[in-house]
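For reference, the structure discussed in these notes is given below.
The values are calculated or read from the model by the stated rules, or taken from the named source; none is laboratory data. Model, not experiment: these values are computed from the prediction. A quick note on method: Cβ atoms are made from the backbone with ideal geometry, for glycine too, and the neighbour counts reach across all protein chains shown.
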Amino acid sequence: MTHMITPQPGIMDIALYQGGASHVAGHDNALKLSSNENPFGPSPAALKAYEAAGRELHRYPSSDHAGLRTAIADVYALDPARIVCGAGSDEIISFLCQAYAGPNTEVVHTEHGFAMYRISALAAGATPVEVKERERVTDVDAILAACNDKTRLVFMANPNNPTGTMIGPADIARLADGLPPQALLVLDGAYAEYVEGYDGGAALVDQRENVVMTRTFSKIYGLGGLRIGWGYGPAHVIDVLGRMRGPFNLSSSALAAAEAAVRDVSYVDHCRAENARWRAWMADALAEIGVPSDVSMANFILARFASQTEAEACDIHLQSQGLIVRRVAGYKLPTCLRITVGDESGCRRVVHAVRQFKEG
């Protein structure tokens, strides 16, 4: 008998997520610059806390994440009661779609936005709505024009991935104020810590009932392998997400490492400064050899080439030199390569290899 077992509508429309490559043939120690990871790794304090937590692996972790929420609140001057923690900010994004979207609703995101917005919307049975950007920058007017009575969520990364561009607080506030009354604005702040003095939208969350901020420990904190993220929002939203969250969705090791990492402010300051220094150097050096990029506020640059053929040929050359970057045709940027900002050696190696390629 033929089975009639089928998934919920929308799920089979999801294309499998492709992460940044980690290996290249012929190079045992290739330099991975494809996933926007911190080249310096996690804080020594985080590593120490992680190792110590290993002695308690037979114990269940905290179910209320009080220690981590308190640490985040202390460092960022937030209300700990309005923080929710998840397995990466991906899980917070998924919770939001499950809670607020669904069949016959729409989830808005920009054309070059993070792939998980579309994936999580489809998984919840909602219809993803893609909005054009203006020269790789979020267009507030276009987003507002795309909203209607079916809109439930608007996702916007600021700085954006993979473009590295961002918009200012006045534009974000105008977007929040212009949304229909049933819609939430979700500010994805995965790269917020790389922007000096930027709060990721926290102040806007405190001023309104329709804005949520998501953050991650995978980028500047160097803890991508542990999968830790968090969200900050109005009490009514955090209450809903807390009801959906599994009681032990974060391991004790992850909680301990994240708490130590967020409190090591000087290490984060060091990583931010080094990233800004070598991001500017690499962008300028590549521009001088005919590879421009927009001003990036994140820990990568989006290098632009004359054609998709040239971009792919440059990627192949980089691979031959043991350098792994990210093609972004899947983000509708086929003429570009996204290059993570590494340490000094990594940045110099990339520029040298691209120069070799351009000089042919």
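Of (1) over 25 Å from the mean Cα position of the chain (by Cα); (2) under 15 Å from S35 (Cα atoms); (3) of a type in the set (S, T, N, Q), S320 satisfies all except one. Which?
For S320, the failing item is (2).
Looking only at segment 56-109, filter to residues that are β-branched (V, I, T) and part of a helix (DSSP H, G or I); which one of those is farthest from A192 (Cα to Cα)? If you could, list the steps in order and put the result at the bottom.
The first filter runs over segment 56-109 and keeps only residues β-branched (V, I, T), leaving 70, 72, 75, 83-84, 92-93, 105, 107-108.
Then keep just the ones that are part of a helix (DSSP H, G or I); that gives 70, 72, 75, 92-93.
Details: T70: 20, I72: 14, V75: 14, I92: 16, I93: 16 Å.
Of everything passing the filter in segment 56-109, T70 is farthest from A192 (Cα to Cα).
Checking the structure you have, find out if any residue of segment 196-214 is within 12 Å of the chain's Cα centre (by Cα), closer than 19 Å to H236 by Cα and not aliphatic (A, V, I, L, M).
Yes, there is a match, as at least one residue in segment 196-214 is within 12 Å of the chain's Cα centre (by Cα), closer than 19 Å to H236 by Cα and not aliphatic (A, V, I, L, M).
Does D199 count as outside any helix (DSSP H, G or I), closer than 26 Å to R134 by Cβ and assigned by TED's automatic domain parsing to the domain that holds G102? Before the answer, list the steps.
Working: outside any helix (DSSP H, G or I): yes; closer than 26 Å to R134 by Cβ: yes; assigned by TED's automatic domain parsing to the domain that holds G102: yes.
Against the criterion (outside any helix (DSSP H, G or I), closer than 26 Å to R134 by Cβ and assigned by TED's automatic domain parsing to the domain that holds G102), D199 qualifies.
Considering only segment 116-131, state which residues are surrounded by fewer than 20 Cβ atoms within 10 Å (Cβ to Cβ) and assigned to a loop (DSSP other than H, G, I, E, B).
G125
Do we find that G86 is at pLDDT below 95 and either within 30 Å of A73 (Cα to Cα) or β-branched (V, I, T) (or both) in this structure? Walk me through how you get there before you give the answer.
Values: at pLDDT below 95: no; either within 30 Å of A73 (Cα to Cα) or β-branched (V, I, T) (or both): yes.
No; evaluated as a whole, the condition is false for this residue.
Could you check S266 against (1) small (G, A, S); (2) within 17 Å of E193 (Cβ to Cβ); (3) touching a residue at least 40 places away in the same chain (Cβ under 8 Å) and say which number it fails?
Status for S266: all satisfied but (3).
Among the residues of segment 227-252, count how many are over 15 Å from the mean Cα position of the chain (by Cα) and in contact (Cβ under 8 Å) with a residue 12 or more places away in the chain.
Of the residues in segment 227-252, the ones over 15 Å from the mean Cα position of the chain (by Cα) are 232-252.
Now narrow it down to the ones that are in contact (Cβ under 8 Å) with a residue 12 or more places away in the chain: 232-238, 240-242, 244-245, 247-252.
The total comes to 18.
Which one is surrounded by the most Cβ atoms within 10 Å (Cβ to Cβ) among residues in segment 102-115 that are among the hydrophobic types (A, V, I, L, M, F, W, C) and in contact with an Asp or Glu (Cβ under 9 Å, 6 or more places away or on another chain)? Before you say what the answer is, go through the steps one by one.
In the first step, residues of segment 102-115 are kept if they are among the hydrophobic types (A, V, I, L, M, F, W, C); the result is 107-108, 114-115.
If we keep only those that are in contact with an Asp or Glu (Cβ under 9 Å, 6 or more places away or on another chain) as well, we get 108, 114.
Numbers: V108: 29, F114: 22.
Among them, the one singled out is V108.
Inside segment 314-339, can you point out the residues that are within 15 Å of P292 (Cα to Cα) and outside any loop (DSSP other than H, G, I, E, B)?
C314, C336, L337, R338, I339 - these are the residues of segment 314-339 that are within 15 Å of P292 (Cα to Cα) and outside any loop (DSSP other than H, G, I, E, B).
Restricting the first residue to segment 65-83 and requiring it to be without any contact (Cβ under 8 Å) to a residue 12 or more places away in the chain, which pairs with a second residue that is surrounded by fewer than 20 Cβ atoms within 10 Å (Cβ to Cβ) and charged (D, E, K, R) meet a Cβ separation below 7 Å and a spacing of at least six or different chains?
A73/D79
Can you tell which of A77, A101 is in contact with a Lys or Arg (Cβ under 9 Å, 6 or more places away or on another chain) and either within 23 Å of D188 (Cα to Cα) or not assigned by TED's automatic domain parsing to the domain that holds R245 (or both)? So that I can check it myself, show each step before the final result.
On the way: A77 fails: in contact with a Lys or Arg (Cβ under 9 Å, 6 or more places away or on another chain).
Only one candidate qualifies: A101.
Here's the yes/no breakdown for (1) over 23 Å from the mean Cα position of the chain (by Cα); (2) surrounded by 15 or more Cβ atoms within 10 Å (Cβ to Cβ); (3) in a loop (DSSP other than H, G, I, E, B):
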site	(1), (2), (3)
H270	no, no, no
A276	no, yes, no
R279	no, yes, no
M297	no, yes, yes
A306	yes, no, yes
G342	no, yes, yes
R348	yes, yes, no
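Within the set of pairs 6 or more residues apart or between chains, which connect a residue that is more than 25 Å from E37 (Cβ to Cβ) and not assigned by TED's automatic domain parsing to the domain that holds R326 inside segment 147-173 to a residue that is in a loop (DSSP other than H, G, I, E, B) and among the polar types (S, T, N, Q) with Cβ atoms less than 7 Å apart?
K150/N104; K150/T105; R152/T105; R152/Q182; I167/T138; I167/N158; I172/N158
Looking at the structure I just gave you, is R243 surrounded by fewer than 17 Cβ atoms within 10 Å (Cβ to Cβ), closer than 25 Å to F95 by Cβ and among the charged types (D, E, K, R)? So that I can check it myself, show each step before the final result.
Values: surrounded by fewer than 17 Cβ atoms within 10 Å (Cβ to Cβ): yes; closer than 25 Å to F95 by Cβ: yes; among the charged types (D, E, K, R): yes.
The answer is yes for R243.
Among the residues of segment 87-101, is there at least one that is among the acidic types (D, E), more than 21 Å from A329 (Cα to Cα), free of Cβ contacts under 8 Å to residues at least 60 places away in the same chain and crowded, with 20+ Cβ neighbours inside 10 Å?
Taking segment 87-101 as the starting set, the residues that turn out to be among the acidic types (D, E) are 90-91.
Among the residues that remain, those that are also more than 21 Å from A329 (Cα to Cα) are: 90-91.
Of the ones still in play, those that are also free of Cβ contacts under 8 Å to residues at least 60 places away in the same chain are none.
The answer is no; no qualifying residue exists.
Might you check whether a residue that is within 22 Å of D188 (Cα to Cα) and in contact with a helix residue (DSSP H, G or I) (Cβ under 8 Å, 6 or more places away or on another chain) occurs anywhere in segment 54-66?
First pass over segment 54-66, keeping only residues within 22 Å of D188 (Cα to Cα): 65.
Filter again for in contact with a helix residue (DSSP H, G or I) (Cβ under 8 Å, 6 or more places away or on another chain), leaving 65.
Yes, segment 54-66 contains a residue that is within 22 Å of D188 (Cα to Cα) and in contact with a helix residue (DSSP H, G or I) (Cβ under 8 Å, 6 or more places away or on another chain).
Suppose we filter segment 210-250 for residues that are part of a loop (DSSP other than H, G, I, E, B) and either of a type in the set (F, W, Y) or in contact with a Lys or Arg (Cβ under 9 Å, 6 or more places away or on another chain) (or both); how many remain? Write out each step before concluding.
Filtering segment 210-250 for residues part of a loop (DSSP other than H, G, I, E, B) gives 210, 217-223, 227-228, 233-234, 245-250.
If we keep only those that are either of a type in the set (F, W, Y) or in contact with a Lys or Arg (Cβ under 9 Å, 6 or more places away or on another chain) (or both) too, we end up with 217-218, 220-221, 233-234, 248, 250.
Number of matching residues: 8.
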